[in-house]
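Values quoted throughout were computed directly from the atomic coordinates according to the rules given, and no laboratory measurement underlies them. Source: prediction; values computed, not measured. Here the Cβ positions follow ideal geometry from the backbone for every residue, glycine too, while neighbour counts run over all protein chains shown.
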Amino acid sequence: MLRELEVRDLGIIEAVRLELPPGFVVLTGETGAGKSLLVHSLKLLSGERGDADMLRAGAEKLLVEGVFSPVPEELAGFLNELGVEANTELVIRREMAASGRSRAWVNDVPVTLATLQRLAPSLLAIAGQHEQRDLADPTTHLALVDAFGGLETMAAQVAQAFQHWQETRQALAEARSRLAQRRDRLDLIQYQLNEIGAACLREGEHEALLEERTFLRHAERIGELLAAARGALGGDGAVTLLSRAARAVRELSQLGVSVGETREQLEQAELLAEEALRALDSLADRVRVDPQRLEEVEARLATLERLTRKYGGSVAAVLAHFQALQEEKATLEGVEEHIQKLEEEEKAAAQAFLELAGKLHQQRQQAAVALAKEVTAVLTRLGMPETRMELRQTLRQATDGPLTFEGHRINPAPWGVADGELYLSPNSGEPLKPLAKIASGGELSRIHLALRTALRRVSQRSHALTLLFDEVDSGIGGRVAEEVGQLLKALGAKDQVLVVTHLPQVAGLGDAHFVVAKKSRQGRTVTHVSRVEGEARVQELVRMLGAKEGSEAARQHALELLSRP
């Protein structure tokens, strides 16, 4: 429920702050005073897009802020995803700069307009002339019936079943496409498997061959260098000399001569020289002049380099490609079996969807009958006693439709096997027509109110929603206006109902009354909103009755309007 509303620099509104009570709240005032701007401020909180033309002349930005409390339980998960802490209230703030840039926050957490649009249905519902036009859109009618009949869960299941069928159908189409291309692909796979398999690749082979090629290419020079190094170390060379030096230093140490670390250094040098000699001997064993082996190594390296260029840049990548080819080959060779399995899954998914959608189709018709009865009963109170209404569901028939329902080929949709549209006749003897063909705005207004009344009666929602009716009573008067007011007051017992009205019969029933007026301040027009009670409220009703100032009869009439239960 909307507890507070603050608006700054929106049109002729310079600064308005309202504390809104629960129940039935009416907003009245002269045409052009700014009532529509207050309505638009709530639309901005609902995520509706705006433009810089909304800003008050000279202002840098406009601000709209609404405080909603309590927080609907159904929003807990979504708010947690957003990182919004909301124990007792939601503060939604919207700003728009003169540059056209728009920003929004929920409890000081920046959010997108899409987030506001997702939050809005759990917080407020706006019923104005634009929304009445939406009522004429047939795509909304099945949702109305589902809401009234408690079929929303089943409708969601139908949508989920449709999605599963579509995914299975797509997978089947892709598998069949692969089957058509399978032979060419299998031929290519087998060629590559043969080519790689014939090479008998081994991890690390490439590096080993490169080293061997180096020895074979430079065998003579490597042999000469190794001989020189071994000669310097072996025989009477460095190893022998270091051994002699080490023995001499050890004897010096035994005689008590201080030699420091020299003894250990010489012994270490002797060990290192011996290890170096053994390593050189090992290398010498590998050195051989073998032109035939060099040719074999060069040929093998050429093979490896050709394969790595084609299949990944390294022997490891070629082996990984080989493994992937083997797996793809196994998949393609089993594609017929896979297609058969998918065909069974697609058939089962289609059958599950048709069963659910068929059940929903029937229950929608039953719910629509009950909805029509409820709505026409309300419309009788609103001066439309001859109204008839029904839901007409039309199977989505198509000659090339993928499914069959009740003997007809159909092209199904996420909402089911049929489209639905509400038909209505407001007058006796006239044929039923689509709601889109209802010409009278006043009739549409009453139909909208009747639908809202019917839907709220069956709603399981525990928290109060903020309902905004913007001139929903346009085009009516007299006794019908009284009934409209009574219905709105009844809605106010469950929800917070904000009503912008020009009818004193409606305004007099409000639990709270706010007046929107224009005033001049420092040469500029500004909107002022004040809550009226007592004599001030009586005088506002007198104004709405169109009486002359000081009319005692109008004053008595106003008092009578305020004294109604």
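Details
- Working note: 222 nm ellipticity from helices only, DSSP H runs with n ≥ 4, each -39,500 (n - 2.57), summed and divided by the residues of the chain, gives -18000 deg cm²/dmol to the nearest 500.
- Computed from label points 7 Å out along Cα-Cβ, the spacing between residue 292 and residue 78 is 8.3 nm.
- Principal-axis analysis of the Cα atoms of the chain puts helix 441-458 at an angle of about 70° to the longest axis.
- Computed log₁₀ I(q)/I(0) - Debye formula, equal Cα scatterers, no solvent, the chain, q 0.06, 0.08, 0.10 Å⁻¹: -0.58, -0.75, -0.99
- For segment 179-333, the dipole from Cβ point charges (+1 on Lys and Arg, -1 on Asp and Glu) about the Cα centre works out to 280 debye, to the nearest 20.
- Counting neighbouring Cβ atoms within 10 Å and putting the fewest first, the residues 1, 544 line up as 1, 544.
- Spin-label pair residue 398/residue 560, simplified geometry with 7 Å Cα→Cβ offset, distance in nm: 6.2 nm
- For 108, 146, 470, order by how many other beta-carbon atoms lie within 10 Å, fewest first: 108, 146, 470
- Our estimate of slack between residue 99 and residue 275, defined as 0.36 nm per intervening residue step minus the Cα-Cα distance, is 55.3 nm.
- Net charge dipole, the chain: roughly 2220 debye, given to the nearest 20, about the Cα centre with Cβ charges of +1 for Lys and Arg and -1 for Asp and Glu.
- Using the Cβ-Cβ distance between residue 176 and residue 355 with R0 set to 45 Å, the FRET efficiency works out to roughly 0.95.
- In loop segments of segment 150-206 as defined by DSSP, the trypsin sites (Lys or Arg not before Pro) with at most 13 further C-beta atoms inside 10 Å of their C-beta are 202.
- For segment 1-88, applying the loop criterion from DSSP together with a ceiling of 15 other beta carbons within 10 Å to the GluC sites (Glu not before Pro) yields 30, 60, 85.
- Looking at the chain alone, DSSP beta bridges between its own residues are antiparallel in about 75 percent of cases.
- Helix 291-311 and the long axis of the chain differ in direction by around 0°, with both axes built from C-alpha atoms.
- Modelled FRET efficiency - R0 51 Å, residue 337 with residue 463, Cβ distances, 0.05 increments: 0.40
- Extension gain for the segment residue 409 to residue 305, taken as residue separation times 0.36 nm less the Cα-Cα distance, is 31.5 nm to one decimal.
- Its convex hull of Cα atoms gives segment 179-333 a direction-averaged projected area, equal to a quarter of the hull surface, of 14.3 nm².
- Stretch gain in nm, segment residue 388-residue 524, where the contour uses 0.36 nm per residue and the Cα spacing is subtracted: 43.9 nm
- Taking label points 7 Å from Cα along the Cα-to-Cβ direction, residue 373 and residue 551 give a separation of 4.5 nm.
- Charged-residue dipole, Cβ positions (Lys, Arg, Asp, Glu), segment 302-448 about Cα centre, Debye nearest 20: 600 debye
- In loop segments of segment 143-220 as defined by DSSP, the GluC sites (Glu not before Pro) with at most 14 further C-beta atoms inside 10 Å of their C-beta are 203.
- The calculated FRET efficiency for the pair residue 455 and residue 166, based on their C-beta separation and a Förster distance of 25 Å, comes to about 0.25.
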